[in-house]
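Have a look at the structure below before the remarks.
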């Protein structure tokens, strides 16, 4: 069984945002799969997807703080500066975190751990809506 | 063909641990797949999975040293500190390395390079056993 | 439908290289898949694959500069030094970026965003040709 859908995520502020419920609610087809995989892919190079802690909002704030430190703006070695100081760091952060996640599907649901959630990681200051492609397969 | 199994990994010390053989030995179903994919997913946000060098134990020690430098404990900007100094760095390291790996299956085996091994990356000081979900598909 | 192929990539200089067209041109079987996934896996631990900006070559140069800063050579805590100063950083960079990418397939093509491209990330100074395993599945 195969199912694929492009979903437009709402524009969000720069930072890390929990989107598990938003994505799962748009995938009623999950219920038809007893065992399989969900591949969630973001079609952009300055935003990314990851999985992390789903409970305390300060975790997401600390992600933003740490990534800003680990991948700073205005590094003296950046040559690609014409699109603003947040652009090149955004590409680097997105590659480090990754453009997709794959989640097991079990009994019609994402089979995540109790504390796991799907994050949209928005690395630009003024981003528009983002497109993701979700591919579900299983039986 | 679909196969899915939850495997409980033994508790290990903080650090990077080679688990290729441990995982493969619990998957006799691999032999039934001539061409496919194995998706290995960890259901936690302070441990992760990656693939790296499988021979020299100092490589795994250098991973621990470098990740402790790149994602330090007690950074002044951390707000999520109530679960101990190793907790927030653990979430960051896990997101950087990733919660899953996907390995091609060829002729009933993981199709890894000669020097590749699967690592369990344990980022907490006092961790319990960790659950992974392995999903195999192919024909 | 399943298809799997090992492809030998040409040896490249240390740095980040756009290989979308090179890979796609070796996969005529993509056209047979209307909806599916392409898993691209590199069988090495000192080179990696990622997806990022496909237009401005200075982006790829900034990736090299930033990764050299974030994962330096000759860090005092490295123990695995016998294979040269570029070896241990190569393993770390490869784990951070990842050994595989998974791309949705839609209507016989990689379903990438307008600005997305597949990068071969070569982390060694004197690398030979690299093997990737491409697994296509879908219907």
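The values are calculated or read from the model by the stated rules, or taken from the named source; none is laboratory data. Please read all numbers here as calculations on a predicted model, not as lab measurements. All Cβ positions, even for glycine, are placed from backbone atoms using ideal geometry, and neighbour counts span all protein chains on display.
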| Residues of segment B:47-63 satisfying the condition of being crowded, with 18+ Cβ neighbours inside 10 Å and farther than 17 Å from residue B:114 by Cβ | B:47, B:48, B:49, B:50, B:60, B:62, B:63
| remark: Going through segment A:60-82 in order, the residues found to be out of contact with any helix residue (DSSP H, G or I) (no Cβ under 6 Å at 6 or more places or on another chain) and within 13 Å of chain C (Cβ to nearest Cβ) are A:69, A:70, A:72, A:74, A:75, A:76, A:81, A:82
| task | Kindly indicate which of C:138, C:108 is under 22 Å from residue C:7 (Cβ atoms), modelled with pLDDT of 95 or more, more than 9 Å from every other protein chain (Cβ to nearest Cβ) and touching a helix residue (DSSP H, G or I) at 6+ places or on another chain (Cβ under 9 Å). | result | C:108
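For segment A:99-117, what are the residues that are in contact with a strand residue (DSSP E or B) (Cβ under 6 Å, 6 or more places away or on another chain) and in contact (Cβ under 8 Å) with a residue 40 or more places away in the chain?
A:99, A:100, A:101, A:102, A:103, A:104, A:105, A:110, A:115, A:116, A:117
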| field | Search result, residues across segment B:30-59 that are more than 7 Å from every other protein chain (Cβ to nearest Cβ), within 20 Å of residue B:13 (Cα to Cα) and in a strand (DSSP E or B) | value | B:42, B:47, B:48, B:49
